[in-house]
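What follows is a set of notes on a single structure, which appears directly below.
The values are calculated or read from the model by the stated rules, or taken from the named source; none is laboratory data. What you see is a predicted model; the values in this text were computed from it and never measured. Ideal geometry is used to build each Cβ from the backbone, glycine not excepted, and the neighbour counts take in all protein chains shown.
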Amino acid sequence: MGDRPLIGIVGTLVTGESAHLKLGTRYADAVLKAGGIPVAIAPVGGPSDIERLLDRLDGIVFSGGDDFDTARLGLGPVHPRAVPVPAQKQDFDFELARSALDRGLPVLGICYGMQLLGLVEGGRLHQHLPDDRPGCQAHSGGVLHSVRVDAESRLGRILGAREVTVISRHHQALAHVVAPWKVDAQDAEGLIEGIERLGHPFAIGVQWHPELAEEGSVHDRLFRGFVAAAALHAADCALLGRA
């Protein structure tokens, strides 16, 4: 077990009198089955704590969650239908994502996590799909729909498929991304469903929930590809003398 990469999974912060961390075990199950060792990350601490955390991890999964406080990001007022994550979590997630990307640490963003990866480097957001894309197909509530994958992209090579059926549970989505990010998957109506960062060892985001797919499906390949990249990162760090 010691040679398996250590994968941090960022959880949701539930505030209130009994503040606590919330994280679906399906993320951990998917990482474990792909060959990694999952550990939960609570969104607490400042930049120095984040740097010490990243010193110990081989990869990070940015899991699904609620919505973004767009006012804090300078992206306009919060939509009435949005349920923003606590400011503490949003700030932590942005700092963690920036630092991980700067280090070249393998990252996988899922749903909210994909949007985070795009936003942290200048992307734009659809705050509420029925309003921002009138008449678009449903994306919330666990609906199934197809996604077209760029066969020449890293995501396409990992999945080995040009079209996949996905489980969708969101009402916000990326409107566009900026370089070095590239769109690598879209739905039939052109909505961004996948992104990857060019020149990075492994930085991929998907709008759907691969951890909810049936075991043995094509979506397992995404977690295996991610964990393999984390294992390579761990091996490189060992060569450089990381304890």
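Some notes on this structure:
- Selection within segment 1-57 - in a loop (DSSP other than H, G, I, E, B), aliphatic (A, V, I, L, M) and closer than 29 Å to residue 214 by Cα: 1, 23, 34, 42, 57
- For segment 151-173, the set of residues classified as of a type in the set (Lys, Arg) and surrounded by fewer than 19 Cβ atoms within 10 Å (Cβ to Cβ) consists of 157, 162, 169, listed by residue number.
- The set of residues in segment 192-221 being within 12 Å of the chain's Cα centre (by Cα) and assigned to a helix (DSSP H, G or I) consists of 210, 211.
- Within segment 102-116, the residues that satisfy the criterion of being more than 12 Å from the chain's Cα centre (by Cα) and either at positive phi or in contact (Cβ under 8 Å) with a residue 12 or more places away in the chain (or both) are 103, 104, 105.
- Any hit, segment 157-179, residues being among the acidic types (Asp, Glu), within 27 Å of residue 38 (Cβ to Cβ), over 15 Å from the mean Cα position of the chain (by Cα) and not in a loop (DSSP other than H, G, I, E, B): no
- Flag if residue 148 is modelled with pLDDT of 95 or more, surrounded by fewer than 21 Cβ atoms within 10 Å (Cβ to Cβ) and assigned to a strand (DSSP E or B): yes
- Residue match in segment 63-74 (condition: at pLDDT 90 or above, within 18 Å of the chain's Cα centre (by Cα), part of a loop (DSSP other than H, G, I, E, B) and aromatic (Phe, Trp, Tyr)): yes
- Some residue of segment 67-90 being within 25 Å of residue 201 (Cα to Cα) and either touching a residue at least 24 places away in the same chain (Cβ under 8 Å) or not basic (Lys, Arg) (or both): yes
- Which numbered condition residue 77 fails, given (1) touching a Ser or Thr at 6+ places or on another chain (Cβ under 9 Å); (2) exposed (fewer than 15 other Cβ atoms within 10 Å of the Cβ); (3) within 23 Å of residue 46 (Cβ to Cβ): (3)
- Of the residues making up segment 100-141, those that are under 15 Å from residue 193 (Cα atoms), among the small types (Gly, Ala, Ser) and not in a strand (DSSP E or B) are 113, 118, 123, 138, 140.
- Selection from segment 222-240 of residues that are small (Gly, Ala, Ser) and either assigned to a loop (DSSP other than H, G, I, E, B) or under 11 Å from residue 202 (Cα atoms) (or both): 225, 228, 229, 230
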